[in-house]
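Peer 1: Here it is, the structure in full.
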Amino acid sequence: MSIIKITTPFNIDLEFKIAAFQKRIAAWMVDLLVISTYYYLMLRFIYPLYKDGEALQSSAEIFLVVIPVMIYQVVFELFLNGQTIGKKVAGIKIIDTEGQEPTWGQYIIRWILCIGNLYIYIIPYLLVQVLYNGMAAGIVLVLVLLILYLPDFLSVVISTNSQRIGDFAAGTVVIDNNYRSNINETIYLQIEKTDYVPVFPQVMKLTDRDINGIRNLLNMKKPSNDTAHYITDVALKIKTVLGIESDLYPLDFLQQLLEDYNYYTSK
């Protein structure tokens, strides 16, 4: 099991399991199914509406079929927090190497350099072309696909964190989102009160890594005197950064922050 460790601002190591190759394959297969379904619906019901005029038909093919499929990956990853539909089903996602959600720029860099993925996603379209142009065209297209994807495949196999060329350039990695030590599970806290009223809305300015650090501090069974001082310092630093004035004891203050965060993120 390949693990990547990331140090939080509170000097706590988070562990993430690198997504297994078979899970990535499963994600691709699901995405191909989604795309193939889209192709079918477009070619069966929408594309025929533009059959009058070669120029109009070509434009319809580009804007209704080719472009949506080419941007499928980056659009879904941007709006589903690092997941396409396939990644969500397979339980994997993209994070940056600092343990946070990648920026738009990172997603776009990764997408641009993942040329192999772009061609994988247009396989259904290529198959349609093969049906019209014969097997010779199909062989050429398969060879082109293999050549374009080979660098990414070798990069995943050789690199320590199974990163593709786009991942290296963007500073991202694909992780197993179901691994129990991932950020989402570590920060989760069940709030029993049905009429819960949050106290500090400023908590949403903190990152998941910050919240995870708070959670780990609160989970210490027998904090030492040094830890108690550290907790006090952490609480004071957070109050200063967020502009919060509170008379709560440091532990109570951090507990309140954690409950407020979970309240807002679970709405």
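Peer 1: Looking at region 83-101 only, could you name the residues that are under 15 Å from residue 16 (Cβ atoms) and either modelled with pLDDT under 90 or surrounded by fewer than 19 Cβ atoms within 10 Å (Cβ to Cβ) (or both)?
Peer 2: Result: 91, 95, 96, 97, 98, 99, 100, 101.
Peer 1: Next up: Can you name every residue in region 247-267 that is crowded, with 16+ Cβ neighbours inside 10 Å and touching a helix residue (DSSP H, G or I) at 6+ places or on another chain (Cβ under 8 Å)?
Peer 2: The answer is 248, 250, 253, 254, 255, 257, 258, 260, 261, 262.
Peer 1: While we're looking at this one, here's another question. Residue check: is residue 197 touching a strand residue (DSSP E or B) at 6+ places or on another chain (Cβ under 7 Å), at pLDDT 80 or above and not in a helix (DSSP H, G or I)?
Peer 2: No.
Peer 1: Let me ask something else about it. May I ask you to say which residue of 249, 188, 261 is at pLDDT 85 or above, closer than 27 Å to residue 17 by Cβ and of a type in the set (Phe, Trp, Tyr)?
Peer 2: 261
Peer 1: Further, regarding this structure: Looking for whichever is in contact with a helix residue (DSSP H, G or I) (Cβ under 7 Å, 6 or more places away or on another chain), aliphatic (A, V, I, L, M) and either assigned to a helix (DSSP H, G or I) or modelled with pLDDT of 85 or more (or both) here; the options are 139, 109, 62. Which one fits?
Peer 2: Criteria check complete, one pass: 109.
Peer 1: Could you give me the residue pairs with C-beta distances under 7 Å whose first residue belongs to region 13-41 and is assigned by TED's automatic domain parsing to the domain that holds residue 208 and free of Cβ contacts under 8 Å to residues at least 60 places away in the same chain, whose second residue is surrounded by 16 or more Cβ atoms within 10 Å (Cβ to Cβ) and in a helix (DSSP H, G or I) wherever it lies, and which are 6+ apart or on separate chains?
Peer 2: Once the first residue is assigned by TED's automatic domain parsing to the domain that holds residue 208 and free of Cβ contacts under 8 Å to residues at least 60 places away in the same chain and sits in region 13-41, no partner that is surrounded by 16 or more Cβ atoms within 10 Å (Cβ to Cβ) and in a helix (DSSP H, G or I) comes close enough.
Peer 1: Out of the residues in region 42-69 meeting the condition of being surrounded by fewer than 17 Cβ atoms within 10 Å (Cβ to Cβ) and in contact (Cβ under 8 Å) with a residue 24 or more places away in the chain, tell me which one is farthest from residue 94 (Cα to Cα).
Peer 2: Residue satisfying both the conditions and the ranking: 43.
Peer 1: Separate question: Do we find that residue 210 is at pLDDT 75 or above and either within 22 Å of residue 21 (Cα to Cα) or among the polar types (S, T, N, Q) (or both) in this structure?
Peer 2: So residue 210 does not fit the description; no.
The values are calculated or read from the model by the stated rules, or taken from the named source; none is laboratory data. This one's a predicted model, so the numbers in the text were calculated from it and none came from an experiment. Positions of Cβ are backbone-derived with ideal geometry, glycine not excepted, and every protein chain shown enters the neighbour counts.
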